[in-house]
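Written below as C-alpha cells is the structure these notes are about.
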Amino acid sequence: MIKSELIHPELLCSLAKCGHKTQVLIADSNYSVITNAPRQATVIYLNLTPGVIPATLILEKILTSINVEKAVLMAYPSDFINTIESEYRQILPENCPIEYLPRQDFYNQVKSDQTLLVIASGEQRRFGNLLLTIAPVL
C-alpha cells in the first residue's frame, strides 16, 4: 500500500512520466479537455460532480509528488474578482512565478507537445484553469 497523500494510480503513473519542462493542466469544469488539449495527453477525470473535486485540492496533492517551475493562468477581465488565483498563490511555492495569457494563447500553450497530463476537476469557479511546468528534482 502506498503511504503518501497521493494514491490515485493513474495520476501517480502519469506524473512519474513527466520530466523537466513537461506541462500539467488542472482544468476547471468549464474547460473542454478533449478539444483544447493535445491528443497524446493523458486525461484523468476527477470531476465527480460540480464542485467536487476542487482544483485547489488537486494542486495541493500533486505538489506532494512534483516540483513546479512556473504556473500559467488564463488572463481575466480587470473587473473580475478571481478568488481561485489567491488560493493558488497560497498553495504554490513562494518562488513560483505565475504568468497570465489571453484565452487563445492559453489554449495554444496547453495544446503544445509539452502537455502530457490533463486533470479534469469539478472546479466551478471561472478562470480556474492552471497550467503547471514541472521543475527538475532538487
> Out of region 65-116, which residues are exposed (fewer than 12 other Cβ atoms within 10 Å of the Cβ), farther than 30 Å from residue 4 by Cα and of a type outside the set (S, T, N, Q)?
Replying inline: 77, 79, 80, 81, 102
> Which ones in region 5-19 are surrounded by fewer than 16 Cβ atoms within 10 Å (Cβ to Cβ) and either touching a helix residue (DSSP H, G or I) at 6+ places or on another chain (Cβ under 8 Å) or among the polar types (S, T, N, Q) (or both)?
Replying inline: 5
> What number of residues in region 31-46 are in contact with a Ser or Thr (Cβ under 6 Å, 6 or more places away or on another chain) and open to solvent by 20 Å² or more (accessible area, probe 1.4 Å)?
Replying inline: 2
>> Looking at region 65-91, I want the residues that are more than 20 Å from residue 103 (Cα to Cα) and have a partner that is part of a loop (DSSP other than H, G, I, E, B) and of a type in the set (A, V, I, L, M, F, W, C) with Cβ atoms under 6 Å, at least 6 apart or on another chain. Which pairs are those?
In response: 65/6; 67/135; 68/96; 68/135; 69/135
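Condition check ((1) of a type in the set (Gly, Ala, Ser); (2) touching a helix residue (DSSP H, G or I) at 6+ places or on another chain (Cβ under 6 Å)) across all residues:
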| position | (1), (2) |
| --- | --- |
| 54 | no, no |
| 77 | no, no |
| 83 | no, no |
| 87 | no, yes |
| 94 | no, no |
| 108 | no, no |
| 123 | no, yes |
| 128 | yes, yes |
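The values are calculated or read from the model by the stated rules, or taken from the named source; none is laboratory data. Quick caveat: nothing in here was measured; it's all calculated off a predicted structure. So basically every Cβ, Gly included, is an ideal-geometry build from the backbone, and we count neighbours across all protein chains shown. Areas reflect the complete protein model, heavy atoms only, side chains present, ligands, DNA and RNA absent. Shrake-Rupley method; radii C 1.70, N 1.55, O 1.52, S 1.80 Å.
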